[in-house]
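Accompanying notes for the structure given below.
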Amino acid sequence: MPPKRKLSDSAPLRATKQKTGSQDAIIVKANDTVLGAESLNVHAVPKRGGRKSSSKAHSNVDATIIKATETVAGAEPPNVDVKPKRGGRKSTLKALPKEDAAPLTDADAEYIAEEEDIKEEDIEQVKEAVTRPPPVHSDYLPLPWKGRLGYACLNTYLRTSNPPVFSSRTCRIASILEHRHPLTDPSQPEHATKNRPDRIQPADIKRGQTWVENLGLANARDIIKMVRWNDRYGIKFMRLSSEMFPFASHAEYGYKLAPFAADTLREAGQVIAKLGHRVTTHPGQYTQLGSPRKEVVVSAIRDLNYHDEMLSLLQLPEQQNRDAVMIIHMGGMFGSKEETLDRFRKSYAQLTPSVKRRLVLENDDVSWSVHDLLPICQELNIPMVLDFHHHNIVFDSSKIREGTEDIIKLFPEIRETWTRKGITQKMHYSEPTTAAVTPSQRRKHSPRVATLPPCVNDMDLMIEAKDKEQAVFELMRTFKLPGYDLFNNIIPYTRPDENPKPTARKVVEDDKLLQILEDDVGMGGPDRRVYWPPGMEEWLKPKKREPKSKESKAEQDLKEEDVEGQGTAAIATKPKRKPKQLKSKEPQVETAKEPKEEDLKGEEVASIATKPKPKQRGSSKAQAAVPTPPPSVGPREVMTARKSRRGARVSYQEREISD
């Protein structure tokens with residue numbers, strides 16, 4: 001299916017293909033209003049060119065279903081005239097008003113459903129989404145703010161700095177196996193093309209293990225720079241990447257961190273402890289303790305042990321170590337919810353005490369609501385993270401309404417799951433994209449958030465947004481939160497906190513004073529320019545070179561044309577590639593036949609006729625296309641070849657011959 005396009009004023013209605021089993025499922029989208037429809041009359045206009053459509057009920061009908069949006073207006077849809085878009089295959093179609101049209105039948109709907117293979121439940125999601133009650137949100141704002149705002153894993157400013165700073169460098173298993181072989185030239189650093197592992201030489205498992213361990217150490221060292229950067233701009237809460245040590249929890253290629261990473265992680269922990277920051281982790285979606293498959297549970301326990309070891313090696317102070325939690329979801333619902341909860345209880349009993357102290361459950365946006373998880377958290381003494389965005393998608397409609405208003409009643413019970421273990425409570429907040437309608441669309445996080453949730457004002461709030469630290473900056477600026485005056489807008493395509501790339505010229509002694517220290521690279525410079533406006537992420541990188549605009553063919557023709565009517569004509573254009581000059585030992589001389597006396601008037605004409613033919617560049621075909629003047633011509637008709645300055649064109653010019 002082609003990508004859907006936004007509505008325009010010139011085309012208030014736009015039709016796209018959807019699968020439906022009956023005519024009642026057809027809905028018309030018109031300027032964010034859904035016109036409830038029992039039937040849709042369609043008149044098909046054949047596409048210009050191309051093959052004819054194979055629709056039996058309507059000739060050349062290419063699409064008839066139109067997507068639904070948020071509100072429903074009880075109105076009978078207008079007849080539409082479907083015009084296929086020129087070019088491309090099965091492109092999005094415009095629906096135009098049409099008075100005289102035949103109604104759409106069930107056969108047409110079935111045909112479209114078979115052609116597009118669209119699941120019927122997707123249409124049910126649309127119908128359910130446009131009829132759901134509006135959310136009820138609280139108008140409370142936790143101001144003045146005294147808590148900590150955080151972001152997850154990646155810093156967009158540091159990631160695009162030179163050199164890049166991030167803690168999620170990863171690899172493939174194939175790369176680990178490849179690096180078991182030595183480099184082609186071990187004395188030189190590895191290069192993507194010039195110095196790769198030589199697979200002909202024998203492999204060594206230890207060599208490959210050392211390579212992946214160094215990758216993890218590079219990630220761990222960058223934590224220090226990220227924490228220092230956060231502290232400079234008033235951010236004291238961050239989620240560490242689960243990919244810090246690639247494949248550390250793998251069944252075959254896994255490894256322990258203590259033998260090689262203890263010192264590096266301890267150094268990072270000292271910086272975190274000194275600045276008073278909080279760090280947490282969030283194992284991936286495949287860490288499911290409620291799965292019915294034994295291998296999945298074993299893998300989940302192995303992954304939790306890896307995260308626990310990583311946090312423990314930071315050697316944080318007691319309270320900071322207690323606050324370094326691991327958040328997981330209940331996962332899929334296999335069978336009934338009660339069966340899944342029973343399997344979770346059995347798997348939880350197999351965990352080590354250290355993992356149990358850090359484990360936290362979070363409500364998700366697929367199966368498990370707050371009301372589903374709160375009882376099991378209270379039973380097993382597990383803190384529960386409230387995710388407001390997930391709650392607005394999956395909630396118990398028999399007890400509360402969608403939105404932040406009704407969930408406030410459960411705040412005391414949720415907070416108790418944290419306080420009884422002595423852990424500082426945290427919550428997650430994000431918002432869906434503005435164009436989201438169905439639950440699957442609403443699961444996608446928006447780049448930034450517009451407001452704060454109605455939590456207590458000393459909460460540790462994790463902002464889960466695409467723009468990471470910039471979403472935190474946006475909240476700081478919107479509500480004048482502590483730290484909003486610590487940063488400024490970046491200059492587009494300019495990084496004042498980076499050293500220029502080395503060049504071949506010699507470095508002048510004065511230039512050494514301009515070098516930025518390694519600890520200050522990527523820190524925003526003296527003006528603290530680290531904020532980029534929404535949608536302007538490209539400002540973080542140097543501006544791309546714009547290719548020189550090539551002259552249009554019309555402009556070239558105008559330059560190459562000579563003034564017509566004065567005996568000059570352009571017969572060739574500049575070739576893309578300069579052709580080779582034809583090699584010839586002796587210049588080719590074309591000797592004219594002896595002219596008749598009545599045609600010749602003087603010796604000058606005879607010398608012109610016997611003049612050597614000039615060499616021409618180009619292929620033999622191109623030379624054949626150039627007309628050659630006859631050897632014997634009369635006065636005022638002799639044409640002589642003339643090369644242009646660029647040597648790429650040949651023109652002919654009349655030469656007058658006096659009597």
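The values are calculated or read from the model by the stated rules, or taken from the named source; none is laboratory data. Note that the structure is predicted; figures quoted are calculated from it, not measured. Here Cβ is always computed from backbone atoms with ideal geometry, including for glycine, and neighbour counts include all displayed protein chains. Remember, those area values only see protein heavy atoms, side chains included, never the ligands or the DNA or RNA. Shrake-Rupley method; radii C 1.70, N 1.55, O 1.52, S 1.80 Å.
Observations on the model:
- Note on segment 389-461: with neighbouring protein chains present and a 1.4 Å probe, carbon and sulfur make up 52 percent of its accessible heavy-atom surface.
- Taking amide H positions as modeled 1.01 Å from N, with prolines and chain starts lacking one, the residues under 5 Å from R278 and 5 or more places away or on another chain are F237, M238.
- Placing dummy labels 7 Å off each Cα toward the beta-carbon, the span from E338 to S354 is 3.8 nm.
- Cross-link pairs beyond the 27 Å C-alpha cut-off, checked among K466/K543; K346/K409; K501/K543: K346/K409
- Taking 0.36 nm per residue of sequence separation and removing the Cα-Cα distance, the T478/L517 pair yields an extension gain of 10.7 nm.
- Sequence ranges 360-368, 202-210, ranked by mean other-Cβ count within 10 angstrom, highest first: 360-368, 202-210
- Linear extension gain, R322 paired with K194, 0.36 nm per residue minus alpha-carbon span: 41.3 nm
- Distance-filtered residues of segment 439-465 - backbone nitrogen under 14 Å, label point 7 angstrom along E405 Cα→Cβ: none
- Among 135-141, 279-285, 455-461, 417-423, sorting by the average number of other beta carbon atoms lying within 10 angstrom of each residue, highest first, gives 279-285, 455-461, 417-423, 135-141.
- Computed extension gain for T184 through E546, at 0.36 nm per residue and net of the alpha carbon distance, reaches 126.6 nm.
- Per-pair calculated FRET efficiency, R0 = 60 Å: K274 and K127 via Cβ, rounded to 0.05: 0.60
- Share of carbon and sulfur in the accessible heavy-atom surface of segment 221-291 [1.4 Å probe, %]: 46
- Here r is the Cβ-Cβ distance between S175 and N381 and R0 is 25 Å; the resulting FRET efficiency, rounded to 0.05, is 0.05.
- Over all directions, the projected convex hull of the C-alpha atoms in segment 382-531 averages 13.9 nm² in area.
- FRET efficiency, K146 to N488 (Cβ-Cβ, R0 30 Å, nearest 0.05): 0.75
- Taken per residue, the accessible surface of segment 127-168 reaches 51 Å², heavy atoms only and a 1.4 Å probe.
- Simple label model, 7 Å out from Cα along Cβ direction - R207 to D458, nm: 5.8
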